[in-house]
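One structure is given below, encoded as structure tokens.
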Amino acid sequence: MTLGLPEHLAKASLSRALASAGHAAGAVCLASAMVIAVASILLEPVGEFGPNQQAAVAASALIGLQATLFALVAFHPNVTLTVAYLLGGTAVVYGLTVLVMAPGNGFETTNNALLAMPRTALLLVGGAGIGSRIAITWATLGWGLGEAAAFLGATAAGATWAPNAAAAAALGIVVITRVFDALTRSDARRETALHRASQQTRELVIRHDYELRAIARLHDTALSHLVAIAASGSGPVDERLRTAISHDLSLIVGRDWATEHSDDGEAAAGGTGPGGATPATVRAAGSRDASEASGP
């Protein structure tokens, strides 16, 4: 799963995307818990702060603390804030467990919806670092700390502890998603390697064709120079012919021989002369012959 991105960019982009999705789900869990706590406060008559309302106020404060730490990790994912969130979230889960599992609240075990939301948000931390292994490590650590805090809170409240099904399901979803992402990225790496090998093969073919063209151009130019020199007759080589040969050689030695030589020689004059000679050398040889014919 690379979304068409290069491998070194796909890993970071997809890891951040999955972490952001986890942060969104964790924010929903904490917001739901906060709504329940605030609703519990509003259900009590105004001015009458009984034990239940006091517990709801304390629960709201604890959830607000966890939400603040969660927001810090979401916007600034680093190891320090991640560890602080895990420790703070563990304390919040412990306090909520003691409040919720107090006698008279009607909950038999810690496997209930009120305690599921902060524990689920604890494992959806995302955390610092990029990669499936790091994300699974943070999620597993968050789930383990949440269960340990719930166990200690249930023991302190004298209630029965039980693993939370919703938190375990959230952990399973995170692990499955991250493992699938790692496996599909491995397949993408193999496909990228095959694509790179195919590209290198095409480059070798193009380079070989380029070398063949260079050799053919060199042979044609050398042959045209020899023909022009032979056609000019005996004696010193005419200066214009010498200049034309130097021009052709400079194009061959230069970087743009495949375009400039073709444009200046063949395309501008309509092809090569007899024996493959370029128009420049042919014109220089013709002017030499004309000068010799008009002489004494």
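Of the candidates V125, V93, the single residue that is open to solvent by less than 10 Å² (accessible area, probe 1.4 Å), touching a residue at least 40 places away in the same chain (Cβ under 8 Å), assigned to a loop (DSSP other than H, G, I, E, B) and under 30 Å from A17 (Cβ atoms) is V125.
Residue-by-condition table, conditions (1) modelled with pLDDT of 90 or more; (2) over 23 Å from A56 (Cβ atoms); (3) open to solvent by 30 Å² or more (accessible area, probe 1.4 Å); (4) in contact with a strand residue (DSSP E or B) (Cβ under 9 Å, 6 or more places away or on another chain):
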residue: T110; (1), (2), (3), (4): no, no, no, yes
residue: A113; (1), (2), (3), (4): no, no, yes, no
residue: A116; (1), (2), (3), (4): no, no, no, no
residue: G129; (1), (2), (3), (4): no, yes, yes, no
residue: A135; (1), (2), (3), (4): no, yes, no, no
residue: G142; (1), (2), (3), (4): yes, yes, no, no
residue: L152; (1), (2), (3), (4): yes, no, yes, no
residue: A169; (1), (2), (3), (4): yes, yes, yes, no
residue: V179; (1), (2), (3), (4): no, yes, yes, no
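For beta carbons closer than 6 Å, sequence separation of 6+ or different chains, a first residue in segment 148-177 that is under 17 Å from G26 (Cβ atoms) and in contact (Cβ under 8 Å) with a residue 40 or more places away in the chain and a second that is outside any helix (DSSP H, G or I) and not β-branched (V, I, T), the qualifying pairs are N164/N111. So, A277, is that one among the aliphatic types (A, V, I, L, M), modelled with pLDDT under 80 and under 60 Å from the mean Cα position of the chain (by Cα) or not? Considered against the rule, which asks whether it is among the aliphatic types (A, V, I, L, M), modelled with pLDDT under 80 and under 60 Å from the mean Cα position of the chain (by Cα), A277 comes out as yes. Among the residues that make up segment 66-85, is at least one of them assigned to a helix (DSSP H, G or I), aliphatic (A, V, I, L, M), in contact (Cβ under 8 Å) with a residue 24 or more places away in the chain and farther than 24 Å from S15 by Cβ? No, segment 66-85 has no match at all.
Does segment 230-247 contain any residue that is charged (D, E, K, R) and either modelled with pLDDT under 75 or buried (at least 19 other Cβ atoms within 10 Å of the Cβ) (or both)? Yes, the conditions are met somewhere in segment 230-247. One residue stands out in segment 24-77 among those that are open to solvent by less than 30 Å² (accessible area, probe 1.4 Å) and of a type in the set (S, T, N, Q): the one that is modelled with the lowest pLDDT, namely Q53.
The values are calculated or read from the model by the stated rules, or taken from the named source; none is laboratory data. Values in this document were obtained by computation on a predicted structure and should not be read as measured data. FYI the Cβ positions are ideal-geometry reconstructions off the backbone, even for glycines, and counts take in every protein chain you see. Remember, those area values only see protein heavy atoms, side chains included, never the ligands or the DNA or RNA. Shrake-Rupley method; radii C 1.70, N 1.55, O 1.52, S 1.80 Å.
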